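The values are calculated or read from the model by the stated rules, or taken from the named source; none is laboratory data. Treat the numbers as computed from the prediction; the structure is a model and nothing was measured. All Cβ positions, glycine included, derive from the backbone under ideal geometry; neighbour counts span all protein chains shown. These accessible areas exclude ligands, DNA and RNA; they are computed on the full protein's heavy atoms, side chains included. Shrake-Rupley method; radii C 1.70, N 1.55, O 1.52, S 1.80 Å.
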Amino acid sequence: MLYLTLVVAFIASILLTPLVKRLAFRIGAVDRPNYRKVHARIMPRLGGLAIFGSFLIAYLFLQPKDPVSAAFESSLIPIETAIIIGAFLIIVTGVLDDMLEITAKAKMLGQLAAAGVVVIGGGLEISFINLPFGGVLDFGYFSIPLTIIWIVGITNAINLIDGLDGLAAGVSTVALLTLTAMAFIMGDIFVMSTAAILAASSIGFLFYNFHPAKIFMGDTGALFLGFMISVLALMGFKNVTVVALIIPIIMLGVPISDTFFAIVRRVREKKSISEADKSHLHHCLLNIGFSHSQTVLIIYGISALFGLAALLFSQATLWGGILLIGVMLLAIELFVEVVGLAGKNYRPLINLVRMIGK
């Protein structure tokens, strides 16, 4: 049944995207070139609506259920229902932004509302974690705001990397496939099915979105994918251990790292952390000399490595996991300094190695 559902999602995405493209031009949901944009012509940017539509068709066809949704003791509505309601709110927010370019505050309000439905309505929250060397860290009253911050943070991280043809859709697909594999290993049928359906919808959309793109996913798609990935990641690793919370962070290493070092870069340059710039990961790779397609494929590869690292981490011993994280952090820092992600003059590790070598 799941295989048939994936085919439905893929074909629906293929068929819906051209229709959404026409709709985008008709209602004025287009992306115009500017100094920060890579494209040089007006592009339709409502593509996320096709991803959502194909996902919804396949989701309703399969109707996956979370067998442990009863574990969410504070839920007011079933988590499955909460996710769909939250997704609708995110889609409305994205469509309004793609059409009217609403303010950042209005977008944030829509994201908070969507996250609130899932956390408060669906009861999805991380209230405590078991520490690796014993003891429990209880978040108490902070559990709800911390969970909402996670959802909103990942939602915006996916949105921030949406700067090249096929980039956000491809990175999201890699994350969703990793989620699918992790959920399969853990026996979580709901997360596995939902993530796989969404991945199939994204792959169908990539036929129109990979360079040279015929349509952009816009905020409609980036916010929707980010929202769904953040929620499914929490659902897939809700056994409240430190390891369980680290796995989705590793899995989403590309958007999280890009967002983190964007903040570092802007703080170092004494700019507002919300100020847009042209120094994200894809900009840095383009500046080095890689082509548009090469840059996207390189980031796909990096995303796949993070996904593999997440899978290895989930099966590693405690000390093996610590060693893996240490190696990853060193590799990330070195890569960031080489490509200039945190700023051209940010090279503490490289300078340290040079000092030791003298």
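The table below gives the values:
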read-out	value
Kirkwood-type radius of the range 121-174, with distances r between different C-alpha atoms, in Å	13.5
Surface per residue (accessible, 1.4 Å probe) for the range 236-358, Å²	53
Cα-based Rg and Dmax for the chain, where Dmax is the largest Cα-Cα distance (Å)	20.0, 65
With every protein chain in place, the chain: carbon and sulfur % of accessible area (1.4 Å)	71
5 angstrom amide H check on residue 31, placed H, neighbours 5+ away	43, 45
Inverse of mean 1/r across different Cα pairs in the range 84-234, Kirkwood, Å	16.1
Alpha-carbon spread of the range 265-356, three principal axes, descending order, Å	41, 36, 28
Peptides ranked, highest mean first, by Cβ atoms within 10 Å: ranges 247-259, 182-194, 328-340	247-259, 182-194, 328-340
Relative contact order (%) - criterion: Cα under 8 Å, at least six apart; region: the chain	20
P(r), alpha carbons of the range 194-311 - 10 Å bins starting at zero, rounded %	11, 34, 39, 14, 1
Nonlocal amide H pairs with residue 163, under 5 Å, H built at 1.01 Å	168
Per-peptide average of other Cβ atoms within 10 Å, ordering 295-301, 157-163 highest first	157-163, 295-301
Sum of side-chain charges, residue 296 neighbourhood, beta-carbon under 13 Å (Lys, Arg +1; Asp, Glu -1)	-2
Kyte-Doolittle at least 1.0, axis length at least 24 Å by Cα - qualifying DSSP helices, the chain	2-27, 79-100, 143-160, 167-186, 189-209, 218-236, 292-315, 318-339
Where 107, 270, 278 fall by accessible area, highest first, once all protein chains stay in place (1.4 Å)	270, 278, 107
